[in-house]
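First comes the structure, then the notes that go with it.
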Amino acid sequence: MTKKENFFSSKEEIQIINAIKAAENMTSGEIRVHISEKADKDSMVATQKIFHELRMFNTRERNGVLIHLSISSKSFSIFGDEGINKVVGQEFWDSTKDIMQNHFCKGDLTGGICEGINSVGEKLRDFFPYKKDDIDELPNEVSYD
Ligand code: CA
Ligand code: CA
C-alpha cells in the first residue's frame, strides 16, 4: 500500500483537493484522483477498473471523471463516464493529457494533476453546468492502492 503521507505532502494534497472543489463549483461533474503504486500492463484498462471499484458510475448524469496515475509504470490515464464521453471527443482527453504531461516532464506532479482537474472542470462546465442544488456525489479526495 502506498501511504498518502509518503506520496504527496499535505500541502500538495490540499492543493489537489482544492482543485477538485474549484472544478466542482463550475460543474455537476465529479472528479477524483487515484494513485496506484503497482505497474499496469494497460493503463486505460486499469483506470476503468478503478473507476468501477470506486463506484464512480454513481452519478445522476454519469459525469464522473477519474484521473489515475500509475507510479511504477510512469503512466497516467483519464477516464470519463458515458455521460461525458457522449459529448467530448478523444481530442479533449488527449489535450488534457498533454497539459498534464508538460508539468510532469518538469517534475511538477501536483501542478500537472491540478491543471488536468482544471481542464476537465472547464470542459464539463460547458455540458454539465453547476446547479444551485448540486450535491457532492463523489468524495473530493485522493485515493491510493
Ligand atoms: Ca456535484
Ligand atoms: Ca466530488
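The values are calculated or read from the model by the stated rules, or taken from the named source; none is laboratory data. Remember, it's a predicted structure, so these values are computed and weren't measured experimentally. Glycine also receives a Cβ, built like all others from the backbone with ideal geometry; neighbour counts cover every protein chain displayed.
If I filter the stretch 45-69 down to residues being free of Cβ contacts under 8 Å to residues at least 40 places away in the same chain, outside any helix (DSSP H, G or I) and crowded, with 21+ Cβ neighbours inside 10 Å, which single residue comes out as farthest from ligand 2 (Cβ to nearest atom)? Going through the qualifying residues, I end up with His68.
Would you be able to tell me the number of residues in the stretch 110-133 that are free of Cβ contacts under 8 Å to residues at least 24 places away in the same chain and part of a helix (DSSP H, G or I)?
Step one: list which residues in the stretch 110-133 are free of Cβ contacts under 8 Å to residues at least 24 places away in the same chain, which gives 111-112, 115, 126, 132-133.
Cutting the leftovers down to part of a helix (DSSP H, G or I) gives us 111-112, 115, 126.
Counting residues in the stretch 110-133 that are free of Cβ contacts under 8 Å to residues at least 24 places away in the same chain and part of a helix (DSSP H, G or I) gives 4.
Exactly one residue out of Met56, Met100 is under 13 Å from the mean Cα position of the chain (by Cα), within 13 Å of ligand 1 (Cβ to nearest atom) and either of a type in the set (Lys, Arg) or under 20 Å from Glu30 (Cβ atoms) (or both), and it is Met56. Every condition in (1) more than 10 Å from the chain's Cα centre (by Cα); (2) within 21 Å of Ser143 (Cβ to Cβ) is met by Leu66 except one, and the failing one is (1).
Checking each residue in the stretch 11-37 for being more than 10 Å from ligand 2 (Cβ to nearest atom) and of a type in the set (A, V, I, L, M) picks out Ile14, Ile16, Ala19, Ala22, Met26, Val33, Ile35.
Does the stretch 64-72 contain any residue that is touching a helix residue (DSSP H, G or I) at 6+ places or on another chain (Cβ under 9 Å) and farther than 23 Å from Ser9 by Cβ? The answer is yes, given that some residue of the stretch 64-72 is touching a helix residue (DSSP H, G or I) at 6+ places or on another chain (Cβ under 9 Å) and farther than 23 Å from Ser9 by Cβ.
Residue count for the stretch 14-43, restricted to those that are in a helix (DSSP H, G or I) and at pLDDT 95 or above: 11.
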